[in-house]
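Reviewing the structure listed below.
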């Protein structure tokens with residue numbers, strides 16, 4: 001077998017995943033614009049949640065990082081640099097860089113706050129006068145994807161820390177009067193099974209998008225999914241080679257979309273319609289309006305357009321709003337259906 005093949009564990013190709021279009025679209029849009037705020041994926045067990053998330057991370061182009069920096073700092077984007085790199089630049093030092101795969105970090109359910117945020121070695125700091133910092137998962141996931149499986153079972157305190165870092169783009173660790181901060185910009189992806197409990201509304205609201213996935217019922221689709229998986233398990237490298245062309249095409253589309261995004265415009269009248277929909281649905285706060293505006297622009301960029309239209313809004317607004325609706329125990333209508341009904345009334 002080829003040596004290169006042995007070096008890394010093969011990942012199921014993103015373009016080989018059958019169905020689950022909602023989840024795939026939400027992940028692609030968050031990769032195009034990480035400021036959308038991540039995605040919560042709720043669905044049945046065995047529906048390919050983890051496989052899809054690992055597949056999108058593997059698909060992404062490599063990123064350039066500063067070589068002797070522990071935070072995956074960008075060499076030229078000031079917002080994505082650690083304070084250490086900024087000081088080096090101010091002092092006129094040279095930065096050596098190299099390319100790495102986009103970080104894909106798993107947060108285990110039993111993780112502690114120190115494991116997530118990082119720790120400061122107080123003894124070394126006091127004895128040697130340096131800030132000895134051991135980076136946590138928030139540092140390692142900078143400019144990548146942070147994945148939390150069964151996020152509804154994660155300790156609320158850790159979820160709060162996660163969401164605060166995702167929103168601010170920074171993580172600060174303080175101990176005994178010593179403080180270390182570093183950039184922590186990542187696409188937060190959570191997944192869970194509704195049978196194991198819902199996330200509290202104020203936490204759910206902090207996720208940019210919410211994708212619901214169900215077990216495929218169509219027998220022919222189920223057979224196709226089983227066959228794809230069997231082919232990959234039998235010969236992963238042949239399966240990857242079979243989908244190489246589609247993988248390259250999608251990667252190029254994502255790169256072009258990221259470049260196109262700053263040029264995309266959304267008309268004032270469409271912004272009013274988005275806010276009108278949020279108002280009719282009694283969505284608390286303005287996060288729903290902001291995320292929908294961002295997501296529609298990312299979707300338009302993905303379509304290669306410079307102007308958002310009504311169809312773009314229709315494609316993404318349910319993903320952005322369904323988890324922000326107030327739950328009525330007596331309501332028999334699914335929240336996604338409620339969003340769709342109002343959207344049709346306002347945008348038809």
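Couple of notes before you dig in:
- Checking residue 216 against (1) on the phi > 0 side of the Ramachandran plot; (2) touching a helix residue (DSSP H, G or I) at 6+ places or on another chain (Cβ under 7 Å), the condition it does not meet: (1)
- Residue in region 10-26 that is surrounded by fewer than 21 Cβ atoms within 10 Å (Cβ to Cβ), closer than 27 Å to residue 173 by Cβ, touching a residue at least 12 places away in the same chain (Cβ under 8 Å) and not assigned by TED's automatic domain parsing to the domain that holds residue 297 present: no
- Applying the set (1) surrounded by fewer than 17 Cβ atoms within 10 Å (Cβ to Cβ); (2) farther than 30 Å from residue 73 by Cα; (3) under 24 Å from the mean Cα position of the chain (by Cα) to residue 213 leaves exactly one unmet item: (1).
- Evaluating residue 282 against the criteria (1) in contact with a helix residue (DSSP H, G or I) (Cβ under 8 Å, 6 or more places away or on another chain); (2) on the phi > 0 side of the Ramachandran plot leaves one unmet condition, (1).
- Filtered by the rule that a residue be over 19 Å from the mean Cα position of the chain (by Cα) and surrounded by 13 or more Cβ atoms within 10 Å (Cβ to Cβ), region 248-260 gives a lone residue, 260.
- Of all the numbered requirements in (1) crowded, with 17+ Cβ neighbours inside 10 Å; (2) under 21 Å from the mean Cα position of the chain (by Cα), residue 85 misses one, and that requirement is (2).
- Taking region 321-340 as the range and being part of a helix (DSSP H, G or I) and either at pLDDT 85 or above or touching a helix residue (DSSP H, G or I) at 6+ places or on another chain (Cβ under 7 Å) (or both) as the test, the residues that pass are 321, 322, 323, 324, 335, 336, 339, 340.
- Counted residues, region 77-111 - those being in a loop (DSSP other than H, G, I, E, B) and either touching a strand residue (DSSP E or B) at 6+ places or on another chain (Cβ under 6 Å) or under 21 Å from residue 166 (Cα atoms) (or both): 12
Quick grid of which residues meet (1) more than 17 Å from residue 157 (Cα to Cα); (2) touching a strand residue (DSSP E or B) at 6+ places or on another chain (Cβ under 9 Å); (3) at pLDDT 80 or above:
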| residue | (1), (2), (3) |
| --- | --- |
| 176 | yes, yes, no |
| 196 | yes, no, no |
| 201 | no, no, no |
| 209 | yes, yes, yes |
| 215 | yes, yes, no |
| 219 | yes, no, yes |
| 226 | yes, no, yes |
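The values are calculated or read from the model by the stated rules, or taken from the named source; none is laboratory data. These figures come from a predicted structure and were not determined experimentally. Every residue, glycine as well, gets a Cβ built from its backbone with ideal geometry; the counts of neighbours run over all protein chains shown.
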